[in-house]
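A short worksheet on the structure shown next.
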Amino acid sequence: MKKKKIDIYRGFEQGPIRPPSEASSLLIRLTRNCPWNRCTFCRVYNKRQFSLRSVENIIKDIDVLKNYIERIQQMVRPGGYADHDTINTLYNSFEEKDRVAFNAAMNWYASGMKSIFLQDANSLIMKPDDLVFVLEYIKKCFPDVDRITSYARSHTIARIKQDDLQRMADAGLNRIHVGMESGSDIVLKKINKGVNKSTHIKAGLKVKQAGMELSEYVMPGLGGIDYSIEHAMETALALNSINPDFIRIRTLAVTNGTILAEETKKGAFQKPNDAMMAKELRLFIETLDGIDSYIKSDHILNLFETIDGKLPEDKEKMINIIDRFFELEPEKRVLYQIGRRMGFFRGPDDMDDSPYLEKVKQACDLYRVTPDNVDMVIDDLMKRFV
Ligand code: SF4
């Protein structure tokens, strides 16, 4: 019989990532790393092994945070000002592990203490009773929190009983982030997502039925050049069947050390360039139909951050942003592509009166970026963001 591993408490823990929309959330780590860890494009958890944290240790972390929040609240003077000397003295008296917790508590306090994100990649893999217990404990410690959210794999959600999902929702879990990536069975198989389109749909509908908000992440470019159209259309059709609250765009970057990078080297995968990806995105948005989701493009890897709106009323506006890109002269398009990845522009219209245009021109001259080599330069720049 396999021996059960004991989860020894080594102090407060934080995982490596959270969704961009959870920037002001308190991060509470329920599990470590990703139980799947096989998607060909992903190296977030690289070779790190998945493990469940014990409920006891999660509760210890929550208690540590609660204690710091209370101490911070005691230090804050009327009017919302904190005594910096007291805070610094307190901070410097901590061991490094405690400083991580103290920083987390400070940042959360400064952000208004309204949302919590449960780490790491798939918290719903915990036993439902354990997860509900932790959620109830969080609510008891921080009763004013409006939002508790988590990443979850569709594969896991699809296997959870609807009653258990409902219990999680009732205990306070009110938003789930799912990495759909694609709705195409061909693409999902190629990237080894471990889930197919119908499971994505089943999981999405279950989350909605439980009354939780649903955020689905999609990844333009993941079908490569060969499956770009299939990827755009099938992903949109899957989303049309789910009608999630949010559709979040996170463009593919091929990261060194991934299986996808190896496939790219061998020529088995060809990443679409910016123009192809923009066409793919246009087709994707065009195919979204009969739903009222918000589309968000809140990631620096995306070519258009200004794509941000609600369906169906903002559909044309979002498509026009892409069309505007294609109307640019080739040299100006290069300036946009580079300036966007330097963080100076959010959409093509930002260039018109931008004080940064000159800086972007200088950078392009310095590194001799032209319409012929811009895609290579962009690929290099994008690797720095993942
Ligand atoms: S499920 Fe998510 S975290 Fe896990 S390997 Fe795939 S993309 Fe990475």
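The values are calculated or read from the model by the stated rules, or taken from the named source; none is laboratory data. Since we're looking at a predicted model, the values are computed, not measured. In this analysis, Cβ positions are derived from the backbone assuming ideal geometry, glycine residues included, and neighbour counts consider all displayed protein chains.
Tabulated values for the structure
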{"read-out": "Residues located in the range 320-344, provided they are in contact (Cβ under 8 Å) with a residue 12 or more places away in the chain and either among the hydrophobic types (A, V, I, L, M, F, W, C) or outside any helix (DSSP H, G or I) (or both)", "value": "ILE321, ILE322, PHE325, PHE326, LEU328, VAL334, LEU335, ILE338, MET342, GLY343, PHE344"}
{"read-out": "Cβ pairs under 8 Å, 6+ apart, first in the range 102-128 and farther than 16 Å from SER154 by Cα and of a type in the set (S, T, N, Q), second within 16 Å of the ligand (Cβ to nearest atom) and in a helix (DSSP H, G or I)", "value": "SER115/GLU22"}
{"read-out": "Residues (hydrophobic (A, V, I, L, M, F, W, C), in contact with a strand residue (DSSP E or B) (Cβ under 7 Å, 6 or more places away or on another chain) and assigned to a loop (DSSP other than H, G, I, E, B)) located in the range 1-34", "value": "LEU30"}
{"read-out": "Every residue from the range 233-280 that is part of a helix (DSSP H, G or I), without any contact (Cβ under 8 Å) to a residue 40 or more places away in the chain and closer than 26 Å to PRO371 by Cβ", "value": "ALA261, THR264, LYS265"}
{"read-out": "Residue within the range 218-232 that is within 16 Å of the ligand (Cβ to nearest atom), at negative phi and either in a strand (DSSP E or B) or at pLDDT below 95 (or both) present", "value": "yes"}
{"read-out": "Long-range neighbours under 7 Å by Cβ, at least six apart or interchain, first residue under 21 Å from THR149 (Cα atoms) and not assigned by TED's automatic domain parsing to the domain that holds SER154 within the range 24-45, second of a type in the set (Gly, Ala, Ser) and more than 6 Å from the ligand (Cβ to nearest atom)", "value": "none"}
{"read-out": "Selection count where residues are within 12 Å of the ligand (Cβ to nearest atom) and either modelled with pLDDT of 95 or more or over 15 Å from ALA152 (Cα atoms) (or both), scope the range 18-31", "value": "1"}
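Here's the yes/no breakdown for (1) among the aromatic types (Phe, Trp, Tyr); (2) in contact (Cβ under 8 Å) with a residue 60 or more places away in the chain; (3) assigned to a loop (DSSP other than H, G, I, E, B); (4) assigned by TED's automatic domain parsing to the domain that holds ASP245:
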| site | (1), (2), (3), (4) |
| --- | --- |
| HIS299 | no, yes, yes, yes |
| GLU313 | no, no, yes, yes |
| MET318 | no, no, no, yes |
| CYS364 | no, no, no, no |
| VAL369 | no, no, yes, no |
| ILE378 | no, yes, no, no |
